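Note sheet for the following structure.
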Amino acid sequence: NAGVMQNPRHLVRRRGQEARLRCSPMKGHSHVYWYRQLPEEGLKFMVYLQKENIIDESGMPKERFSAEFPKEGPSILRIQQVVRGDSAAYFCASSPPVRNEQFFGPGTRLTVL
Amino acid sequence: GDSVTQMEGPVTLSEEAFLTINCTYTATGYPSLFWYVQYPGEGLQLLLKATKADDKGSNKGFEATYRKETTSFHLEKGSVQVSDSAVYFCALSASGTGNQFYFGTGTSLTVIP
């Protein structure tokens, strides 16, 4: 059973471009979470999704950030018009419906030039 | 709201020293408690967990006991190794399934030979 997969592992964007981060949860997992880790800081919750539904987006910035988890395919975290402050590691985690445990992917490290 | 307060780092120990990383929590209800470890350049891995008061989680020589009376979940290891050098995160999850996790800020541990 493959673990949580994220791609790309490293992403470089110039200010104003769009960043698109993908997360494929573990097989059988229907819950996906996105976290952001700024340099020298802990993990900050961004959004919690189930298939085709956003359950909790209380940690998402109000502008430029969006997330989806379609019926088919990976979950996508999209950042429009990136700024330097968006440079961070973005982690995805998944969990099965009836277990209170999250499994993390290796992360995408976004660098905004 | 729910939160986790974790001992500030960084922590530097000599090989075979005793390790304690403090973690206290604030939560309504009866949360599950976790320790995750992050090795350089990687995602978070579950180290151990406890789901109810007085439970002791253990793995790879690490232990932590869920203390409801002191709202604590301190991580301990009797004899650290160089390979234990990593960042350690305490986390809680509210009761119920698929709920948001709250992470501490992380404690960086370096073990020197």
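The values are calculated or read from the model by the stated rules, or taken from the named source; none is laboratory data. Everything quoted here is computed from the prediction, not taken from an experiment. Positions of Cβ are backbone-derived with ideal geometry, glycine not excepted, and every protein chain shown enters the neighbour counts. Areas reflect the complete protein model, heavy atoms only, side chains present, ligands, DNA and RNA absent. Shrake-Rupley method; radii C 1.70, N 1.55, O 1.52, S 1.80 Å.
Considering only region B:58-81, I want to know if a residue exists there that is closer than 30 Å to residue A:7 by Cα and among the hydrophobic types (A, V, I, L, M, F, W, C).
For region B:58-81, residues closer than 30 Å to residue A:7 by Cα and among the hydrophobic types (A, V, I, L, M, F, W, C): absent.
Considering each residue of region B:92-102, count those that are at the interface with another protein chain (Cβ under 8 Å from one of its Cβ atoms) and open to solvent by less than 50 Å² (accessible area, probe 1.4 Å), and give that number.
Residues meeting the conditions: 6.
Which one of these does residue A:107 not meet: (1) surrounded by fewer than 19 Cβ atoms within 10 Å (Cβ to Cβ); (2) touching a residue at least 12 places away in the same chain (Cβ under 8 Å); (3) of a type outside the set (Lys, Arg)?
(1)
The rows are residues; the columns are (1) more than 11 Å from every other protein chain (Cβ to nearest Cβ); (2) open to solvent by 40 Å² or more (accessible area, probe 1.4 Å); (3) without any contact (Cβ under 8 Å) to a residue 40 or more places away in the chain; (4) more than 22 Å from residue B:104 (Cβ to Cβ).
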| position | (1), (2), (3), (4) |
| --- | --- |
| A:21 | yes, no, no, yes |
| A:33 | no, no, no, no |
| A:44 | no, yes, yes, no |
| A:52 | yes, yes, yes, yes |
| A:69 | yes, no, yes, yes |
| A:90 | no, no, no, no |
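Can you tell me which residue is least open to solvent (accessible area, probe 1.4 Å) among those in region A:1-19 that are closer than 13 Å to residue A:78 by Cα and hydrophobic (A, V, I, L, M, F, W, C)?
Out of the qualifying residues, it is A:19.
Hey, any hits in region B:72-85 for a residue that's facing chain A (nearest Cβ under 9 Å), surrounded by 14 or more Cβ atoms within 10 Å (Cβ to Cβ) and over 15 Å from residue A:37 (Cα atoms)?
No, every residue in region B:72-85 fails to be facing chain A (nearest Cβ under 9 Å), surrounded by 14 or more Cβ atoms within 10 Å (Cβ to Cβ) and over 15 Å from residue A:37 (Cα atoms).
Looking at (1) touching a residue at least 12 places away in the same chain (Cβ under 8 Å); (2) out of contact with any Pro (no Cβ under 8 Å at 6 or more places or on another chain); (3) under 30 Å from residue A:8 (Cβ atoms); (4) open to solvent by 50 Å² or more (accessible area, probe 1.4 Å), which is the only condition residue B:110 fails?
Condition not satisfied by residue B:110: (2).
Can you confirm whether region B:42-59 contains a residue that is within 11 Å of chain A (Cβ to nearest Cβ) and among the polar types (S, T, N, Q)?
yes
Can you say whether residue B:56 is surrounded by 14 or more Cβ atoms within 10 Å (Cβ to Cβ), under 13 Å from the mean Cα position of the chain (by Cα) and basic (Lys, Arg), as far as the supplied structure shows?
So residue B:56 fails the test.
Please verify whether residue A:100 is open to solvent by 20 Å² or more (accessible area, probe 1.4 Å), in contact with a strand residue (DSSP E or B) (Cβ under 7 Å, 6 or more places away or on another chain), within 14 Å of chain B (Cβ to nearest Cβ) and farther than 15 Å from residue A:19 by Cα, treating the condition exactly as stated.
yes
Any idea which residue in region A:97-111 is farthest from residue A:4 (Cα to Cα), counting only those that are at pLDDT 90 or above and of a type in the set (S, T, N, Q)?
Only one residue tops the list, namely A:111.
Within region B:6-63, can you find the residues that are touching a Cys at 6+ places or on another chain (Cβ under 6 Å) and either more than 25 Å from residue A:103 (Cβ to Cβ) or modelled with pLDDT under 95 (or both)?
B:6
Restricting to region B:6-41, name every residue that is hydroxyl-bearing (Ser, Thr, Tyr), under 21 Å from residue B:101 (Cα atoms) and more than 10 Å from every other protein chain (Cβ to nearest Cβ).
Hits for region B:6-41 are B:24, B:25, B:26, B:28, B:30, B:39.
Check B:20, B:105 and return the single one that is touching a residue at least 12 places away in the same chain (Cβ under 8 Å) and either closer than 29 Å to residue A:10 by Cβ or open to solvent by less than 10 Å² (accessible area, probe 1.4 Å) (or both).
Sole residue among the options that is touching a residue at least 12 places away in the same chain (Cβ under 8 Å) and either closer than 29 Å to residue A:10 by Cβ or open to solvent by less than 10 Å² (accessible area, probe 1.4 Å) (or both): B:105.
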